[in-house]
Amino acid sequence: MRTEKTLERVSKFMSGLLRHFPHKFGVDVDRYGWAELRDVARVIAERYSMESEEAEELIRSIVRNDPKGRYELRDGKIRARYGHSIDVETGWSEGGEIPPVLYHGTSRKALKSIIEKGLLPMGRKEVHLSESYRDAVEVGRRYDSSPVVLKINAKKMIEDGFEIRRKGRVLTTDYVPPEYITVT
Ligand code: HQG
């Protein structure tokens, strides 16, 4: 039987595969981040000792149930919606309203540099923002037990010509200059 633990482990591996190291496992990803579902299923089947069909079914259920909408499935292909470090064109957006205020959770250690330089993508292709304060706290907790939450003036950014993209529950942009950031 599949335990929660297995599901979580496969999902973690799959996000790493699609965002950071597809080539290490012989998976081709196109310029928009899409990989063939059957290629990903093959890798997962081998790694977790299951049949390809079972792996494919598992992947479909992970995609369907992912709380953050981390993955997208279309026409037999799969991609990570956000979080890439590999060179993909991240300009896609699902459209819809962008809330006037967004949040970014980070560590106390990073604060000084962020205030000086703004929010940079660092190791990834984009800067990731949250819709809710609570989500931002969760994001920041990955780096600091007592994270800092920054408030981002998304409305002003858009007025000034910055693009903010919606990727499931996560919002992304290329760079947030310091003048749009306040510390909560
Ligand atoms: C920080 C997870 C110093 C930034 C999350 C962050 C998210 C700076 C770290 C998604 C800086 C990068 C992405 C500057 C930014 N000086 N530090 N100028 N600018 N930083 O992991 O946003 O669960 O690459 O604050 O939930 O933490 O994996 O980005 O602390 O949605 O789906 O540099 O990944 O989603 O860290 O996380 P990350 P992130 P999943």
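When residues in the range 124-153 are screened for being near the ligand (Cβ under 6 Å from one of its atoms) and open to solvent by less than 60 Å² (accessible area, probe 1.4 Å), 2 of them pass. For the range 69-110, the set of residues classified as surrounded by fewer than 15 Cβ atoms within 10 Å (Cβ to Cβ) and either within 9 Å of the ligand (Cβ to nearest atom) or on the phi > 0 side of the Ramachandran plot (or both) consists of 75, 76, 85, 95, 96, 109, listed by residue number.
Figure legend. Inter-residue proximity from the range 157-168: first residues assigned by TED's automatic domain parsing to the domain that holds residue 72, second residues open to solvent by less than 70 Å² (accessible area, probe 1.4 Å) and in a loop (DSSP other than H, G, I, E, B), beta-carbon distance below 6 Å, spacing 6+ or different chains. No pairs are indicated.
Looking across the range 154-174 at every residue that is in a loop (DSSP other than H, G, I, E, B) and loosely packed, with under 14 Cβ neighbours inside 10 Å, the one that is nearest to the ligand (Cβ to nearest atom) is identified as 163. Being without any contact (Cβ under 8 Å) to a residue 12 or more places away in the chain and either touching a Gly at 6+ places or on another chain (Cβ under 7 Å) or outside any loop (DSSP other than H, G, I, E, B) (or both) holds for only one residue in 110, 45, 55, and it is 45. Taking the conditions (1) in a helix (DSSP H, G or I); (2) among the small types (Gly, Ala, Ser); (3) under 25 Å from residue 131 (Cα atoms) in turn, residue 85 satisfies each one other than (1).
Applying a threshold of 8 Å to beta carbon distances and a minimum spacing of six or more residues, or different chains, the list of pairs starting in the range 125-153 at a residue that is farther than 20 Å from residue 179 by Cβ and among the hydroxyl-bearing types (Ser, Thr, Tyr) and ending at one that is open to solvent by 10 Å² or more (accessible area, probe 1.4 Å) and away from the ligand (no atom under 11 Å from the Cβ) reads 133/184. Residues of the range 14-27 that are open to solvent by less than 20 Å² (accessible area, probe 1.4 Å), in a helix (DSSP H, G or I) and either of a type in the set (D, E, K, R) or more than 16 Å from residue 65 (Cβ to Cβ) (or both): 16, 17, 18.
The values are calculated or read from the model by the stated rules, or taken from the named source; none is laboratory data. Note that this is a predicted model, so its numbers are computed, not measured. Ideal geometry is used to build each Cβ from the backbone, glycine not excepted, and the neighbour counts take in all protein chains shown. Note: areas computed on protein heavy atoms with side chains; ligands, DNA, RNA excluded. Shrake-Rupley method; radii C 1.70, N 1.55, O 1.52, S 1.80 Å.
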